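The structure under discussion appears below in the form of C-alpha cells.
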Amino acid sequence: MRISTAEITSQAILAIDNQSSALQVTQNQVSTGLAVQNAADNPVAAAQIVQLSQQQAQLTQYGTNLTSAQTRLSLEESSLSSATTTLQSIRDLAVQAGDATLSDSDRQQIVTQIQTQIQSLLGTANTKDADGEYLFAGYAAQTQPFATDSAGSVSYQGDSGTRLIQISPNQSVADSDTGATAFMDVPAGNGTFTTAATATNSGSASIDTGSVLDSTQWVPDNYTLTFNSPTSYQIVDNTTGTTVVANGAYTSGSAIQFQGVEVTLTGTPAAGDSFSVAPSGNQSMFATLDNLATALSTPADSAASKAQLTTSIASALTNIDQGISHLSTVSASVGARINLLTAQSSTNTAASTTLTTQQSSLQDVDYASAVSTLNQQMVGLQAAEQSYAAVAQLSLFKYLTL
C-alpha cells in the first residue's frame with residue numbers, strides 16, 4: 001500500500017486539530033467552570049438547564065414581588081396602628097368632653113384638638129408608599145383617596161379594586177386594602193342597631209347605644225320610641241306600621257326591652273319626645289368624628305340640649321370603639337398576609353436552592369476530572385506534534401548518495 005507524503009501530512013494535521021479542539025474545550029470548561037456551554041456539548045442536559053433557568057427566573061420575579069408586597073403591607077400595618085392611636089386619642093377627648101362641669105368654651109377647645117386629630121387621621125388615610133402611590137386608593141394609586149369638600153366632609157375618591165401580587169405559581173396576595181375597607185365601611189352603633197334622640201326633644205332624657213339580648217328575636221326594622229308622658233311610652237315599628245309596645249312604664253335608668261334588644265334612657269322626657277332605633281349600617285370614621293365635633297360645638301345651655309349632647313357623645317364613643325375594632329380586624333388581616341409572605345419567601349428560597357443544585361449538577365464542571373483530562377490532552381497534543389515533526393523529516397533523499 002502506497003502512502004503519499006501529502007496524505008501523511010493531512011492525517012497528522014487532522015490529528016493535531018482534533019487534539020487542539022478537544023484541548024480548547026477542556027480549557028474553556030476549566031476557565032469558566034461550566035461543563036455544558038452550548039447545546040452541542042450535551043443536548044439533553046442543555047435542554048434541562050434552559051428549563052431550570054426559566055424556573056429560576058420565575059422565582060427571582062416572585063422574590064421581587066414578595067419584597068414589594070411586604071414593603072407595602074408593612075407600611076399599611078404601621079398606618080393602621082397610627083390610625084388606631086389617633087382614634088384612641090379622640091376617644092379620650094370625647095370622654096373628657098362628657099364632663100358635665102365643662103362649659104361650652106371648654107368643649108370648643110376640645111373640638112379644636114379633635115379637629116387636629118382628624119387632620120392627622122386624614123393624613124394617615126392618604127399615606128403614600130416609596131413609589132409615590134397612595135396606599136389606600138385601590139387601583140387608582142395616583143389619585144388621593146380622601147378629600148375634604150367645602151362643607152368639611154371627607155369623601156373617598158379611590159376605587160374598590162385590590163391589587164393582587166403573584167408570589168408563587170398558584171398563589172397571589174393583596175398588597176394593600178382600599179380606603180373604603182379600612183376607613184369607610186365601619187359598622188355603626190353596636191353593630192346591630194343604632195339609637196338617636198330627635199332634635200326637637202324638649203326633655204332631659206338621653207338614650208344609650210343599647211345591646212342585643214336575643215338576636216333571634218330581633219327584627220331589623222326602624223322603630224320610634226315616643227313618650228306619651230314623662231312616665232309612659234309606646235314603641236312603633238315604622239317599617240310595618242305596627243305598635244310593638246302600646247303603653248310602657250318608664251323609670252329613669254331602667255332598661256326598655258323589645259324585639260330581643262334593650263335600650264336605657266336616663267333623665268326626664270317631655271310628652272312628645274321621641275327616640276329612634278334603626279338597623280346598623282356602615283359609617284365612615286370621618287363621619288363619626290365630624291358628628292362628634294358638631295355635637296360638641298353646639299351650645300348645651302338647656303336640659304334638652306345637654307341631653308342631646310349626652311346622647312351624641314355616647315353614640316360617638318360607641319362608633320369610635322367600632323372604628324378601633326374595625327382597624328384591629330383589618331390589621332389582623334394585614335398581619336396574616338405578612339406571615340404568608342414570610343412563609344412563601346422561605347419556600348421560594350428553598351426551591352431556588354434546589355434548582356441551583358440541580359442546575360449545578362448538570363452544568364458545572366468536575367474540576368478534578370477536567371484537570372486530569374486537560375493534562376492527558378496536552379500530552380496527546382504534544383505527542384501528535386512531535387510525531388508529525390518526526391515523520392515530516394523522513395525522506396528517501398536522505399538515504400541516497402550522489
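The values are calculated or read from the model by the stated rules, or taken from the named source; none is laboratory data. Computed from a predicted structure; not experimentally measured. Using ideal geometry, Cβ is built from the backbone for each residue, glycine included, and neighbour counts are taken over all protein chains shown.
Given the structure, is ALA180 in the same structural domain as ARG72 (by TED's automatic domain parsing), under 30 Å from THR311 (Cα atoms) and within 25 Å of the chain's Cα centre (by Cα)? Criteria met by ALA180.
For the range 318-339, the count of residues that are outside the structural domain of LEU121 (by TED's automatic domain parsing), free of Cβ contacts under 8 Å to residues at least 60 places away in the same chain and on the phi < 0 side of the Ramachandran plot is zero.
Condition (residue is at pLDDT 95 or above, surrounded by fewer than 19 Cβ atoms within 10 Å (Cβ to Cβ) and in contact with a Pro (Cβ under 6 Å, 6 or more places away or on another chain)) applied to the range 204-217: is it met by at least one residue? No; the residues of the range 204-217 include none that is at pLDDT 95 or above, surrounded by fewer than 19 Cβ atoms within 10 Å (Cβ to Cβ) and in contact with a Pro (Cβ under 6 Å, 6 or more places away or on another chain).
Hey, does the range 140-159 have a residue that's charged (D, E, K, R), surrounded by 14 or more Cβ atoms within 10 Å (Cβ to Cβ) and over 14 Å from the mean Cα position of the chain (by Cα)? Among the residues of the range 140-159, at least one is charged (D, E, K, R), surrounded by 14 or more Cβ atoms within 10 Å (Cβ to Cβ) and over 14 Å from the mean Cα position of the chain (by Cα), which makes the answer yes.
Please enumerate the residues belonging to the range 233-249 that are over 16 Å from SER202 (Cα atoms), in a strand (DSSP E or B) and in contact (Cβ under 8 Å) with a residue 12 or more places away in the chain.
Quick first cut of the range 233-249, residues over 16 Å from SER202 (Cα atoms) only: 234-249.
Still in the running and in a strand (DSSP E or B): 234-237, 242-249.
The answer is GLN234, ILE235, VAL236, ASP237, VAL244, VAL245, ALA246, ASN247, GLY248, ALA249.
Of the residues THR116, THR112, THR124, which single one is modelled with pLDDT of 95 or more, closer than 26 Å to THR294 by Cα, of a type in the set (S, T, N, Q) and buried (at least 19 other Cβ atoms within 10 Å of the Cβ)? Reasoning before the result, please.
Values: THR116 fails: buried (at least 19 other Cβ atoms within 10 Å of the Cβ); THR112 fails: buried (at least 19 other Cβ atoms within 10 Å of the Cβ).
Among THR116, THR112, THR124, only THR124 is modelled with pLDDT of 95 or more, closer than 26 Å to THR294 by Cα, of a type in the set (S, T, N, Q) and buried (at least 19 other Cβ atoms within 10 Å of the Cβ).
In a strand (DSSP E or B) and at pLDDT 95 or above: is that true of THR194 in this structure? Criteria met by THR194. When each of ASP99, ASP41, ASP17 is tested for being modelled with pLDDT of 85 or more and either in contact with a Phe, Trp or Tyr (Cβ under 7 Å, 6 or more places away or on another chain) or not hydrophobic (A, V, I, L, M, F, W, C) (or both), the lone residue that passes is ASP99.
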